[in-house]
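Asker: Dropping the structure in here first, questions after.
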Amino acid sequence: MKKLILAIILLALAACAGGMDSKFASDPAHYGLYVASVDVQIDTAIMVKNAQSGEEIPLKVTHTLHDDTGYVDQALPAGRYLLEKYTPDGQSMVSLETPDGYFDVDSGCFNYGGHYTFGTGADGKPTYQDSTTLKDIESLPGDIRRQAKDHDVCSAAMGEANQRLAAADAAQQLDL
């Protein structure tokens, strides 16, 4: 019985370790780590679509600190991603498609998407703003921030081409 329980625990741990996030570490030639903070107050998902393949991918928003800020910390194949929709309350889906609603992910890079603020415009339609400042990486939770150490850092700002900063230069400018 003890062996069966141990085997189940080991299988569960292997399944967790084999997720998308481990792909950044095991296959940096094809994957980048996408990181952003968001003002969504619940653990939910922001749906993005890979512009090349058309695959929809849920970016998991989790809350690691005791405030209303959520964090996305997920390995993605290199490429362009289109912001599609999200659920602000865990039940209703809100479309976010706009002409500038994209970000790029570079392989082998800590791709910082900045901080998203979601809202509603005067016309009643959903809006969002993206603020991307390199120094804001220092205010990310430690377990997320540490993943930038020894990696190039890319600005994955919404609606803009990525800008890559070599790991050595990032180490000089950021306290990781």
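Any read-out appearing in this document is the output of simple, stated calculations on the displayed coordinates, not a laboratory observation. Just so we're clear, the structure is a prediction, and the values are computed from it rather than from any experiment. Neighbour counts are summed over all protein chains in view; Cβ atoms, including those assigned to glycine, are modelled from backbone coordinates with ideal geometry.
Asker: Please work out how many pairs of lysine residues in the range 29-158 are eight or more positions apart (or on different chains) and have Cα atoms closer than 25 angstrom.
Answerer: Going through the range 29-158 pair by pair, I get 9.
Asker: For the chain, what is the charge dipole size about the Cα centre, in debye to the nearest 20, if Lys and Arg each add +1 at the Cβ and Asp and Glu each add -1 at the Cβ?
Answerer: On the way: 13 positive and 25 negative charges, 143 e Å.
Once rounded to the nearest 20, the dipole reads 680 debye.
Asker: May I ask for the longest run of the chain untouched by GluC sites (Glu not before Pro) that are loop-located per DSSP and have at most 15 neighbouring C-beta atoms (other than their own) within 10 Å?
Answerer: Values: sites that count: GLU55, GLU97, GLU160.
Answer - 98-159.
Asker: Projecting each Cα onto the charge dipole of the range 2-173 (Lys/Arg +1, Asp/Glu -1 at the beta carbon, about the Cα centre), which of GLY113, HIS66, SER26 comes out farthest on the positive side?
Answerer: SER26
Asker: Let me ask something else about it. Two decimals is fine: what's Rg over Rh for the range 21-113, C-alpha atoms, Kirkwood radius as Rh? Please report the intermediate quantities before stating the final value.
Answerer: Values: Rg = 13.1 Å, Rh = 13.5 Å.
With Rg and the Kirkwood Rh in hand, the quotient comes to 0.97.
Asker: Between ALA166, ALA157, ALA148, which gets the highest mean-square fluctuation from a Gaussian network model of the chain, Cα cutoff 10 Å?
Answerer: Per the Cα network of the chain with a 10 Å cutoff, ALA166 tops the list.
Asker: Select from THR44, THR132, THR120 the residue whose mean-square fluctuation is largest in a Gaussian network model of the chain (Cα-Cα springs shorter than 10 Å).
Answerer: THR120
Asker: So I have (i) 61, 38, 30; (ii) 62, 43, 36; (iii) 43, 36, 28, and one of them is Cα extents along the principal axes in Å calculated from this model. Which one is it?
Answerer: (ii)
Asker: Restricting to the range 2-173, what percent of DSSP beta bridges are antiparallel, rounded to 5? Could the numbers behind the result be given before it?
Answerer: Values: 36 of 45 bridges.
Percentage antiparallel, nearest 5: 80.
Asker: Distance between the C-alpha centers of the range 122-140 and the range 59-88? Whole Å please.
Answerer: Result: 12 Å between the Cα centres.
Asker: Using a Gaussian network model of the chain with C-alpha springs under 10 Å, which one of VAL94, VAL35, VAL105 is most mobile by mean-square fluctuation?
Answerer: Comparing VAL94, VAL35, VAL105 in the GNM, the peak value goes to VAL94.
Asker: Just from its helices, what would the mean residue ellipticity at 222 nm be for the chain, if runs of 4 or more DSSP H residues each count -39500 (n - 2.57) and the sum is divided by every residue, rounded to the nearest 500 deg cm²/dmol? Before the final figure, lay out each step's value.
Answerer: On the way: 4 runs with 34 residues, N = 176.
One gets -5500 deg cm²/dmol as the mean residue ellipticity at 222 nm.
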